[in-house]
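K.L.:
The structure follows.
Read-outs: derived from the displayed coordinates by stated rules, not from any lab. Everything numeric in this text was worked out from a predicted model, so none of it was measured. Methodologically, a virtual Cβ is constructed for each residue, glycine included, from the backbone with ideal geometry; neighbour enumeration extends over all protein chains shown.
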Amino acid sequence: MNRSDGRSTDMLRKVKVTRKFLKHAEGSCLIEVGETKVICSASVEETVPLFLKGKNEGWVTAEYGMLPRSCETRVNREKQRSGRTFEIQRLVGRSLRTAVAMRELGERTITLDCDVIQADGGTRTASITGSFIALVDCLDVMRKRKMIRRIPITDFVAATSVGIVDGATLLDLTYEEDSKAEVDMNVVMVSSGSFIEIQGTAERKPFSKEQMDVLLGLAQKGITRLIEMQKDLLKDVQ
């Protein structure tokens, strides 16, 4: 299959990350995955949700949003979060919580804000991959401020999309590919190779277990590359 951007079926889009993108956030980055661009920031608060009060345990959560002109036509600002927005930010929060030893945070909350400034498919997976980088930089700042003793990261986390388009199995779908996919899947994994979440949907006809195995293998290949990139970017954080 010939892809509009010239990539092979098993190739990620070009990924560029600018760390410490925001002046005031404890951790932040701009992640660009092809034409998709997301600002990810991490903020620390000396509080936790009510269900964690008195348990000497921290919390990691996320919020997600799209700027009005992140798409071809204007997206209305959300006065109330839509079901899609809730679903995505819960996915980001769940994904990042798996990577942190919460008890080592103390009673503090880290919020990851994911603001999509340009969308071309894969905004949720880019948000997860970028938020992990912002989270590590945030934890590094906390350690330097002696809020925590060490960086309590238990594993690296990244995400990508895979799908079947015109019968071809593709890695890292653009919006054009996603909009006509027969199968669309978002996959979140850790560097050990275990899965955090698999979101897979057949748009027209059911897919087989054999097809799912191929898609998951392709996703693992892409996520391995993304985690290698994260490790290289964060090698200065000891």
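K.L.:
Ignoring GluC sites (Glu not before Pro) that are buried or in helix or strand per DSSP, and keeping those with at most 10 other beta carbon atoms within 10 Å, what is the longest stretch of the chain between them? Numbers along the way, then the final one.
P.N.:
Numbers: sites that count: Glu46, Glu72.
Result for the longest clean stretch: 73-238.
K.L.:
Given 25 °C and 0.890 mPa s, compute D for region 10-49 with the Stokes-Einstein relation, Rh being the Kirkwood radius over Cα pairs; round to the nearest whole µm²/s.
P.N.:
Numbers: Rh = 11.6 Å.
For these conditions, the coefficient is 212 µm²/s.
K.L.:
Moving on. How far is helix 83-97 tilted off the main Cα axis of the chain, in degrees rounded to 10, range 0 to 90?
P.N.:
For 83-97 against the chain, the angle is about 60 degrees.
K.L.:
Taking only C-alpha pairs under 8 Å that are 6+ residues apart, what is the relative contact order of the chain in percent?
P.N.:
Working: 511 pairs, mean separation 48.3, N = 238.
It rounds to 20 percent for the chain.
K.L.:
Cut-off 10 angstrom, C-alpha nodes, Gaussian network model of the chain. Which of Lys37, Lys20, Lys205 fluctuates the most?
P.N.:
Of Lys37, Lys20, Lys205, the most mobile in the Gaussian network model is Lys205.
K.L.:
Then there is this: With contacts defined as alpha carbon pairs under 8 Å and 6 or more residues apart, what's the relative contact order of region 34-113 in percent?
P.N.:
Details: 108 pairs, mean separation 44.5, N = 80.
Dividing the mean separation by the residue count of region 34-113 yields 56 percent.
K.L.:
For Arg94, Arg150, what ranking results if the residue with the fewest other Cβ atoms within 10 Å of its Cβ goes first? All intermediate terms of the calculation are to be shown ahead of the outcome.
P.N.:
Working: Arg94 16, Arg150 10.
Neighbour counts put them in this order, fewest first: Arg150, Arg94.
K.L.:
Which length gain, in nm to one decimal place, applies between Lys221 and Val237 when the Cα-Cα distance is subtracted from 0.36 nm times their residue separation? Can you show the working numbers first?
P.N.:
Numbers: separation 16, 0.36 × 16 = 5.76 nm, distance 2.51 nm.
Answer, rounded to one decimal: 3.3 nm.
K.L.:
Here is a follow-up. Roughly speaking, what is the stretch gain from Gln118 to Lys23, that is 0.36 nm per residue apart minus the C-alpha to C-alpha distance, in nm to one decimal?
P.N.:
In short, 32.1 nm is gained.
K.L.:
Can you give me the Cα centroid spacing of region 76-95 and region 165-195 in angstrom?
P.N.:
Cα centroid of region 76-95 versus Cα centroid of region 165-195: 20 Å apart.
K.L.:
Moving on to the next point. Using 7 Å Cα-to-Cβ label points, what is the Thr154/Glu78 separation (nm, one decimal)?
P.N.:
2.8
K.L.:
OK, next. What distance in nm separates the simple spin-label points at Glu87 and Met147, each placed 7 Å from Cα in the Cβ direction?
P.N.:
3.3
K.L.:
A further question follows. Hey, which aspartates and glutamates would be in cross-link range of Lys205, C-alpha to C-alpha under 13 Å, not counting anything within fewer than 8 residues on its own chain?
P.N.:
Once the sequence-local aspartates and glutamates are set aside, what remains near Lys205 is Asp166, Glu182, Asp184.
K.L.:
Under the rule a/c < 1.5 gives rounded, and otherwise a/b versus b/c splits prolate from oblate, where does region 91-238 land using the Cα gyration tensor?
P.N.:
The shape class here is prolate.
K.L.:
If I fit a long axis through the Cα atoms of helix 123-144 and take the longest principal axis of the Cα atoms of the chain, what angle between them do I get, 0 to 90°, rounded to 10?
P.N.:
Computed tilt is about 20 degrees.
K.L.:
Given R₀ = 25 Å, what would the calculated FRET efficiency be for Ser192 paired with Arg103, taking r from the Cβ atoms and rounding to 0.05? Don't skip to the end; give the middle numbers.
P.N.:
Values: r = 21 Å, r/R0 = 0.83.
Result of the calculation: an efficiency of 0.75.
K.L.:
If the chain between Glu176 and Phe51 were fully stretched, how many nm would it gain, using 0.36 nm times the residue separation less the Cα-Cα distance?
P.N.:
40.8 nm
K.L.:
Checking the cross-link filter: which lysines have an alpha carbon closer than 21 Å to that of Lys144, excluding same-chain neighbours under 8 positions apart?
P.N.:
Straight-distance partners of Lys144: Lys20, Lys23, Lys231, Lys235.
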